[in-house]
Amino acid sequence: MNITSKLLIWRTMIRERIQPVVSNTKFKWFQRGLWAVSIVWAVNLGIQSVPFYTAIGAGEAAYKAGNYSEAEEQFKKAWAAAQKFSPFDPRRSKALNDLAELYRTQAQYAKAEPLYLAAIEDAKQLGTGREEYALSINNLASLQSDAGMYESAKEQYQRALKIWDEQVRKPNDVKRAAILCGLGKVYRELADYKQAEALYEQALNIETSVLGPNDPQLAVVIDNLGSLYREQGRSAEANVMYKRALAIDMATPGSVNLDEASDKNHLTGRYLTLGGLDDAETLYKEEQVMRKQAPGENHLLQAKCFCSLAELRLRQGKPNQAHQDLQKALDIQLRTLNPKHPDLAKTYNLLGAAYLGEHRYRDAGEALDKAYQIRHEILARDHPDLAATLLLMAELQYTLGNRSEAQKSAQAAVDIYYHVFGPSHPRTQSALAILRATQLPGHVANQGEPPEKLQWLFRAQEFRENGLRANKTTAPQPKQDKDDDVVPQWLRRANQFRAENPAAK
C-alpha cells in the first residue's frame, strides 16, 4: 500500500468517526484537549524541522559561493536530520539529491551514484506518480551524462520522460522541459543533431508558454541550441541564439549575472570562428570582470574564465600568455576540485598544447599524461575528450620522432570518434587526416620541429569544433573529386587559417 492510499484511508476515518465527535458541543473538553495536543504536535514537528532547513539553507549558500567543503558538511547534517523523518517524507529525497549533486559537481561519481540511487528508492516510496520519482531518475541520468556514459544516460532520461508522461501527466511543466533538455544534450554528444534539436525545441516551447519569452530560464535552452547549431556549422543561427540568450540574461535584475558571463563566453566562439580575435578578447575580459565581481577571485568560475582566455591566447599564437592564464586556473582548481575532476583534465590538456607551442616537450608530455590519466579513469573508454588528448599526444610524439607511437595515438583517437560519431563526422575526419599525416614521409627523427604540413594539419582540427563541416545527417556534404584526398582537404583549410591569421604563425 502506497502513501496515497494510506492518506485516503486516514482521511475517511477522520470524516466518519472523529469529525462527528469533534463537532458535537457535548464534547467541549475533548475538543479543547484535541486542539492542545495538535498544537503541541505541530510545535514539536517544527522544532524537529529546524536543523534540517537550517542545514539545507547553509549548504545551498556555501555551494553557490563555491565553498564545497562547507556545503558537504551542511548537506550531511541535513541528511542526518532527514533520516529521523518518516520514510514517506519528501525531504529525505531532497537531502540525498543535494548531497549527490555536490559530489557530481566535483566529479566524485563513486560517491554521488549510490546517493542518487537511494534518492530514487525514497522517491519511489512516495509514489511513482509523483514528480520526485521521475526527477530523481533524471538526476541519475545527469551523472551518467557527465561521466560520458551516454547510452546509459539516454536510457535513464527516456525512462524519466516516460514516467513523467504516463504517470505525472503534466505535459507543459518546466520540469519536463528540464528532462527534455538533458536528453537533448546526450543526443548532441552522440552527434544525433536532428534528435537533439527536436528535444531542445520542445523544451524551449514549453518554457516559453509557461514563463514567457524573456524569462532567464529560457536562456539555458537557447544557449544549448546555439551550441548545437555551431557544432553543425550553422554559424549564423548559432550567432542569433547566443545573442538572444545574452540579451535575456543582461535584462535579468541584479548587479552581477553569471549566466550573462556564460553567454559571453559562448558568443566568443562565434567571433573566433570568423577570425574576430579582438572582439573575442573584449568579451572574455568582460566575462572575467563579471565573474570576479560575483563569486570572488578564487571561485571555479574564475578558473573557467582563465581557461577561456588561454584558448584565445593559443589561437592568437601566444602560448606564453596562455601558459600564464592556465597556471592561474590550476591554482584555483587544485585547491578546490577533486584531483580526478574533468575540469582539471581540460586545463592540463590546454597546458600541454601551450607547452607544445613553447617547445617545452617534457612539460607538454607531463601535462598531457595527467589529462589522459584523469579522463581514462573517470570517463567512458570511448569518450571524445580522450580522443582530443590522444591527438595532442600524437603531435608531441611525432615531433620527437616517435612515429610509431604517434600513429598509435592517432589511430586510437580515430577509433573513438568513429565509434561515437560515425565516419562522416568532422571530428572523425579531422582525426583521420592527422593519422594519415603521421604516415607522410620526410620527417627527420628527433628534429624537434614537425614539418610544416603536419604542424598545420594538427592545428586544422580546430575547424571541426568551429563547425566548418556539417554532419551529413543534417546537411548535404560538399562534392568531392575522386582524387580529393582527406589530407589535402585539411591542409588547404589549415593554410587558409594561417593566411587569414598571421598572428597564429
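The values are calculated or read from the model by the stated rules, or taken from the named source; none is laboratory data. Treat the numbers as computed from the prediction; the structure is a model and nothing was measured. So basically every Cβ, Gly included, is an ideal-geometry build from the backbone, and we count neighbours across all protein chains shown. Heads up: the accessible areas ignore ligands, DNA and RNA and are worked out on the full protein's heavy atoms, side chains in. Shrake-Rupley method; radii C 1.70, N 1.55, O 1.52, S 1.80 Å.
Within region 390-401, residues that are outside any loop (DSSP other than H, G, I, E, B) have Cβ atoms under 9 Å from residues that are modelled with pLDDT of 90 or more and among the β-branched types (Val, Ile, Thr) in these pairs: Leu390/Ile416, counting only partners at least 6 apart in sequence or on another chain. Given the criteria out of contact with any strand residue (DSSP E or B) (no Cβ under 6 Å at 6 or more places or on another chain), buried (at least 18 other Cβ atoms within 10 Å of the Cβ), under 23 Å from Lys340 (Cβ atoms) and aliphatic (A, V, I, L, M), does Ala95 qualify? In short, no.
From the list Lys162, Lys175, which one is open to solvent by 20 Å² or more (accessible area, probe 1.4 Å), touching a helix residue (DSSP H, G or I) at 6+ places or on another chain (Cβ under 7 Å) and at pLDDT 95 or above? Going through Lys162, Lys175 in turn, the sole match is Lys175.
Just one of the numbered conditions (1) at pLDDT below 90; (2) open to solvent by 20 Å² or more (accessible area, probe 1.4 Å); (3) farther than 21 Å from Trp164 by Cβ is not true of Ser49: (2). Against the criterion of being farther than 22 Å from Arg427 by Cα, at pLDDT below 80, of a type outside the set (Ser, Thr, Tyr) and part of a helix (DSSP H, G or I), Glu260 qualifies.
Within region 402-426, count every residue that is touching a residue at least 24 places away in the same chain (Cβ under 8 Å), among the polar types (S, T, N, Q) and outside any loop (DSSP other than H, G, I, E, B). Matching residues across region 402-426 total 2.
Contact annotation: residue pairs with Cβ atoms under 7 Å, 6 or more positions apart or on different chains, pairing a residue in region 339-357 that is modelled with pLDDT under 95 with a partner that is open to solvent by less than 30 Å² (accessible area, probe 1.4 Å) and polar (S, T, N, Q), are His341/Gln106; Asp343/Gln333; Leu344/Gln333. The one condition from (1) hydroxyl-bearing (Ser, Thr, Tyr); (2) open to solvent by less than 60 Å² (accessible area, probe 1.4 Å); (3) under 26 Å from the mean Cα position of the chain (by Cα) that Ser69 does not meet is (2).
Any residue at all in region 248-256 that is modelled with pLDDT under 75 and closer than 25 Å to Leu180 by Cα? Yes, because at least one residue in region 248-256 is modelled with pLDDT under 75 and closer than 25 Å to Leu180 by Cα. Hey, among the residues in region 315-334 that are farther than 17 Å from Ile374 by Cβ and under 23 Å from the mean Cα position of the chain (by Cα), which one's modelled with the highest pLDDT? Per the criteria, the residue is Gln327.
Only one entry of Ala118, Ala134, Ala80 meets the criterion of being over 30 Å from Arg375 (Cβ atoms) and open to solvent by 30 Å² or more (accessible area, probe 1.4 Å), and that entry is Ala80. Of the conditions (1) open to solvent by 10 Å² or more (accessible area, probe 1.4 Å); (2) touching a Gly at 6+ places or on another chain (Cβ under 6 Å), Ala364 satisfies every one except a single condition; which number is it? Only one criterion in (1) open to solvent by 10 Å² or more (accessible area, probe 1.4 Å); (2) touching a Gly at 6+ places or on another chain (Cβ under 6 Å) is unmet by Ala364, namely (1). Here region 321-361 is the region considered, the condition is being touching a Gly at 6+ places or on another chain (Cβ under 8 Å) and not small (Gly, Ala, Ser), and the residue that is farthest from Ala71 (Cα to Cα) is His359. Of Val186, Val240, all but one fail to be part of a helix (DSSP H, G or I), surrounded by fewer than 19 Cβ atoms within 10 Å (Cβ to Cβ) and among the hydrophobic types (A, V, I, L, M, F, W, C); the exception is Val240.
The residue that is farthest from Ala177 (Cα to Cα), counting only those in region 114-135 that are in contact with a Ser or Thr (Cβ under 6 Å, 6 or more places away or on another chain) and in contact (Cβ under 8 Å) with a residue 24 or more places away in the chain, is Asp122.
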